[in-house]
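To start, the structure itself, in structure tokens.
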Amino acid sequence: MRLNRREFLTASAVTGIVGAVAPAAQAFTLPDPPQKARLRLSCQEGVAPGKSLAEKLDFIEALGFEGFEPGGGGLAKRVEELQTALNGRKVRISAICAGFRGVLISEQEEVRRTAMESMKEILTAAGALGSTGMIMVPAFNNQTKLGHQESRELLVKLLAELGDHAQKAGTRVLLEPLNRRECHFLRQVADGAAICHDVNNPGVAVMGDFWHMTWEETSDMAAFIAAGKYLHHVHIASRKDRKMPGEDEGDNYVDGFKGLKIIGYQDFVSLECGCKGDRTKAIPAATALLREQWQMANG
Ligand code: MG
């Protein structure tokens, strides 16, 4: 449509195009998320100190942690043990860390089938435990001979089946992007989210791992904003050596925490890391650092 000047001015008066100068305070105001984000800390089973499951849970519960992340290996046989251990506690199962066999995007059908069956078994147990999802890497470096495009098409197809199973079990598949030294196929959080977008299945989501993100993301905040509603778990470690947050000089998560706040993130931030010092001292120190940086992400 072409407007003459008179028509243009009339239209402008209605829409306010001419002379409309947005007040500076409004120009960059982001919409409030539907729910306010909270820092819900979680700890992997192997990271928490303690000789028994009960000791590990006692330790993290005393620090105000809300989540516990076990591995997926043998999970089906541990459902009752974990349910009993968590009974009456404030801590619940966060994510389930991998533990499956096979490779979902292998060029070999048998290897793909092993992955599918193994993951379904873990997802059933994850659902029984009320987990947000089972973490999975489609293929580490050298685990598939398929090219990128073929890998992605295959993954989207197989995730539809896996997502249906996850959804019926009451949980999700969580794609984990890794850094290039471990995986060339899926390295950025936004790429994982784009795969979720294409699969379009509530049983398929993505996670972010601050340590991998150190090497692959130009902005932690932008990565989390791009993931948006598809983001359902976060791993955290020191940024250079993958030890306890705060054990590397200059460990900073504020930019990423801003992104989590902007999207109203409701899931967990889980310790997946080694430790340079004594865990019984390093974990409380890391907890204080993360809570301080979460506050700093307000402004
Ligand atoms: Mg991780």
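Could you tell me how many of the residues in the range 274-298 are open to solvent by 20 Å² or more (accessible area, probe 1.4 Å), in contact with a helix residue (DSSP H, G or I) (Cβ under 9 Å, 6 or more places away or on another chain) and in a loop (DSSP other than H, G, I, E, B)?
Of the residues in that region, 4 qualify.
Considering only residues of the range 94-121 that are within 16 Å of the ligand (Cβ to nearest atom) and surrounded by 23 or more Cβ atoms within 10 Å (Cβ to Cβ), which is farthest from the chain's Cα centre (by Cα)?
Filtering the range 94-121 for residues that are within 16 Å of the ligand (Cβ to nearest atom) and surrounded by 23 or more Cβ atoms within 10 Å (Cβ to Cβ), the one farthest from the chain's Cα centre (by Cα) comes out as PHE100.
Condition check ((1) closer than 13 Å to SER42 by Cα; (2) touching a Pro at 6+ places or on another chain (Cβ under 6 Å); (3) outside any helix (DSSP H, G or I)) across all residues:
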| position | (1), (2), (3) |
| --- | --- |
| GLY64 | yes, no, yes |
| GLN83 | no, no, no |
| LYS90 | yes, no, yes |
| ARG101 | no, no, yes |
| MET119 | no, no, no |
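Between a residue in the range 61-89 that is of a type in the set (Val, Ile, Thr) and any residue that is outside any helix (DSSP H, G or I), which pairs come within a Cβ distance under 9 Å, given they are 6 or more apart or on different chains?
Qualifying pairs under 9 Å: VAL79/LEU129.
Quick check on my filter: what residues within the range 184-242 are under 23 Å from LEU146 (Cβ atoms), open to solvent by 10 Å² or more (accessible area, probe 1.4 Å), in contact (Cβ under 8 Å) with a residue 40 or more places away in the chain and more than 16 Å from the ligand (Cβ to nearest atom)?
Selection gives HIS184, ASP198, VAL199, ASN201.
Report yes if some residue within the range 143-165 is on the phi < 0 side of the Ramachandran plot, within 14 Å of the ligand (Cβ to nearest atom) and part of a helix (DSSP H, G or I); otherwise report no.
So far as the range 143-165 goes, no, none of its residues is on the phi < 0 side of the Ramachandran plot, within 14 Å of the ligand (Cβ to nearest atom) and part of a helix (DSSP H, G or I).
The values are calculated or read from the model by the stated rules, or taken from the named source; none is laboratory data. Because the structure is a prediction, the values reported are computed rather than measured. Neighbour counts are summed over all protein chains in view; Cβ atoms, including those assigned to glycine, are modelled from backbone coordinates with ideal geometry. We work out accessible area using only protein heavy atoms, side chains counted, and drop any ligands, DNA or RNA first. Shrake-Rupley method; radii C 1.70, N 1.55, O 1.52, S 1.80 Å.
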